[in-house]
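Notes to accompany the following structure.
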Amino acid sequence: MIPGLRELFAYRDVLVNLVKRELKVRYKNSVLGFLWSLLNPLLQILVLVIAIKYFMGQSEPSYSIMLVSAFLPWTFFAMVLQEGAGCVAQEVALVKKVYFPRALMPMATLTAGVIHFLLSLPVLVGMFAVVRVTVAWNYVPLFFVAVVIQICFMLGLILTLSALSVFYNDVRYILGSFTTMWFFLSPVLYDGIKRVIEKPHLPQIFKTIYMLNPMAPILMGYRSIVPTYGVHQVPHYYAFLGISAGVAVLMIVIGGVVFSRYQWAFAEHG
């Protein structure tokens, strides 16, 4: 599925070095360094909670926990997509000078993103402690299943986007607008179960389309660790999560094909 899996494994040291460079460049000349992995999401969540819960009168129980449990994975998703889309185009000079499997560049961006996501999880743990919400331990395995599906989905997307953006600069501009729309159509700021699934007047076709958004079941899987928002309330939830997993695998296949098709012309378009 991914271009030259055996070759990628042989060049695993290059992947490690690319990831290290990504992490160093991100916080170059920064006093706080990796602490920004905690401070950035914490500040964003604080602003959203104040604005939505207190200024707009949001009264849902455990809203701040509900928000943070979906906002952190969405931030991870959006950040990696934006950076991954341009990772090859920005490194064409390196592509011209040194040979290594080109797919290592989007993979390095994704790996660095995973590390930042893991570093941000203490924010979620801290929120559970501060608000004194008990973790729904029976849904913790689902939390990690959601992580795996999301990473696979992102890998397929950035393989495709990073290859196309070398030839079409429009990809990164369109992606910014599309990601913003995707954000509001996904259960991040609101509980997708109550706001969409339980609406009696909403036709079933719209509810089905909503759940076919690959990120909707994934984000609900993260949020299931909050007792109030268990996925048992969503009809056929695991079927929709299975569809998201299938889409993730399909995207890896598509990404592998697209990347393999275009990678040999990267240097010519730099």
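Of the residues His116, His232, His201, the one that moves most in a GNM of the chain with alpha-carbon contacts below 10 Å is His201. Once the C-beta distance of Val92 and Val125 is scaled by a Förster radius of 30 Å, the resulting FRET efficiency is 0.15 to the nearest 0.05. Contact order, relative form, for the chain: 30 percent (alpha carbon pairs under 8 Å, 6 or more residues apart, mean separation divided by residue count).
Grab the beta carbon distance between Lys199 and Thr179, set R0 = 25 Å, and tell me the FRET efficiency rounded to 0.05. Efficiency, from the Cβ-Cβ distance: 0.50.
With the simple spin-label model, which puts each label point 7 Å out from Cα in the Cβ direction, the Val257 to Ile243 separation comes to 2.1 nm. Backbone phi angles across the stretch 138-155, fed through the Karplus curve with coefficients 6.51, -1.76 and 1.60 (θ = phi - 60°), yield HN-Hα couplings of 5, 9, 4, x, 5, 4, 6, 5, 4, 4, 5, 4, 5, 4, 4, 4, 5, 4 Hz in residue order; Gly and Pro are listed as x.
Shown here: Cα extents along the principal axes in Å, derived from the displayed model; of the candidates (1) 57, 47, 33; (2) 63, 45, 36; (3) 71, 37, 31, it corresponds to (1). When shorter helices are ignored and each DSSP H run of at least 4 residues is given -39500 (n - 2.57), the per-residue value for the chain at 222 nm works out to -22000 deg cm²/dmol.
Quick one: longest stretch of the chain between exposed loop trypsin sites (Lys or Arg not before Pro), exposed meaning at most 13 other C-beta atoms within 10 Å and loop per DSSP? With a cap of 13 other Cβ atoms within 10 Å, the longest stretch comes to 133-270. Rounded to the nearest 0.05, the FRET efficiency derived from the C-beta distance between Arg12 and Leu118 at R0 = 25 Å is 0.80. Phi angles of the stretch 232-244 translate, via the Karplus equation with coefficients 6.51, -1.76, 1.60 and θ = phi - 60°, into HN-Hα couplings of 4, 7, 9, x, 6, 4, 5, 5, 5, 5, x, 5, 4 Hz per residue; Gly and Pro are given as x.
With the convex hull drawn around the C-alpha atoms of the stretch 133-270, the volume per residue stands at 123 Å³.
Each value in this text was obtained by applying a stated rule to the coordinates, not by laboratory testing. Since we're looking at a predicted model, the values are computed, not measured. When we count neighbours, we look across all protein chains shown, and the Cβ atoms used for this are built from the backbone with ideal geometry, even at glycine.
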